[in-house]
Amino acid sequence: MRKVDSVKRLFNIFVVGLSALAGAVLFFSCLTLQGCFIPGNSDVIPVYSYNIVNVYPHDPDAFTQGLVFEDGVLYEGTGLPGHSTLRRVELETGDILQIRELSDQFFGEGITTYGDRIIQLTWQSHIGFVYDKNSFELLQDFNYATEGWGVTHDGTRLIMSDGTSTLHFLDPQTFQEIDHVEVFDDDGPVTRLNELEYVQGEIYANVWQTGWVARIAPDSGRVVGWIDLEGLLSAEDHSEPVDVLNGIAYDADNDRLFVTGKLWPKLFEIELIPPD
Ligand SMILES: [Ca+2]
């Protein structure tokens, strides 16, 4: 009996030690993964990888904050004080076809087209701008209470992120909030939602400072899939200073998905690969 007890005790010590080791590994992993953000840490939520379909040039001076593809061209919003712009860009060449510079006081953020207009948010000024889509003429501005990060639309509502886990739904005419939803996955709220794109009934959102994109069910806020874009920009493309992944655009007519990042020299067309 005594021998059996000691074997049990040794086994228990082993199990406790193993648990402690696993805990320590997880803890230190968390330290390097920005506050324990571990997307894809789920047996339920599918994690998509990608194939690169095409690579296009991207202005390495564009601090990309908003990206839209419509009628054969890209629309891009850039940030930083003194460098914030709205652009029309030729996809194949990266050439800037049209540009409007924001006043130095504004830090440009997400953009979306809506009908014949373009809406552009600013980061902490609580002001959004509405432009004529063709002329880039400023038509009006509007206010919101939160910070402004990303914006897209679902055909009837603007959808806006503010850096938290909340997505706001705005009336596209009055810019008043109609509804909001909290975004979550198996581990709880998903914060730092940044650039947005509405893709076939889902909201795609960059998670700021990661290479991950959340696929969100608009009604519930549930993350229904993760896209792992870590490593999309190769090591050699880091020879010049680059910032994080930011910018998702969807060509609904041709079912093409484009992604880029702040100061990235390249813009990628990718196709998603579901998990096995
Ligand atoms: Ca977008």
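Data table
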{"item": "Distance between segment 108-138 and segment 237-276 - C-alpha centres, whole angstrom", "result": "22"}
{"item": "Extended-chain gain in nm, criterion 0.36 nm per residue less alpha-carbon gap, Gln105 and Leu80", "result": "8.1 nm"}
{"item": "Spin-label model distance (nm) - Ser135 vs Glu240, 7 Å beyond Cα toward Cβ", "result": "3.4"}
{"item": "Exposure of Glu177 as accessible area (Å², to 10), given a probe of 1.4 Å and all protein chains", "result": "90"}
{"item": "For Val47, distant residues with modelled amide H under 5 Å away", "result": "Trp226"}
{"item": "Cβ-based net charge around Lys133, under 13 Å, with every Lys or Arg adding one and every Asp or Glu removing one", "result": "-1"}
{"item": "Total formal charge among the other residues, if their Cβ is under 13 angstrom from that of Thr146, Lys/Arg +1 and Asp/Glu -1", "result": "-4"}
{"item": "For Gly115, net neighbour charge (Lys/Arg +1, Asp/Glu -1) across residues whose Cβ lies under 14 Å away", "result": "-3"}
{"item": "Per residue accessible area in Å² of segment 64-156, where ligands, DNA and RNA are left out and the probe is 1.4 Å", "result": "40"}
{"item": "Carbon and sulfur %, accessible surface of segment 74-228 computed with the full protein complex present, 1.4 Å", "result": "46"}
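The values are calculated or read from the model by the stated rules, or taken from the named source; none is laboratory data. All figures in this text were calculated on a predicted structure; none of them were measured in a lab. As a convention, Cβ positions derive from the backbone with ideal geometry for all residues, glycine included, and neighbour counts pool all protein chains shown. Heavy atoms of the whole protein, side chains included, go into the accessibility calculation; ligands, DNA and RNA do not. Shrake-Rupley method; radii C 1.70, N 1.55, O 1.52, S 1.80 Å.
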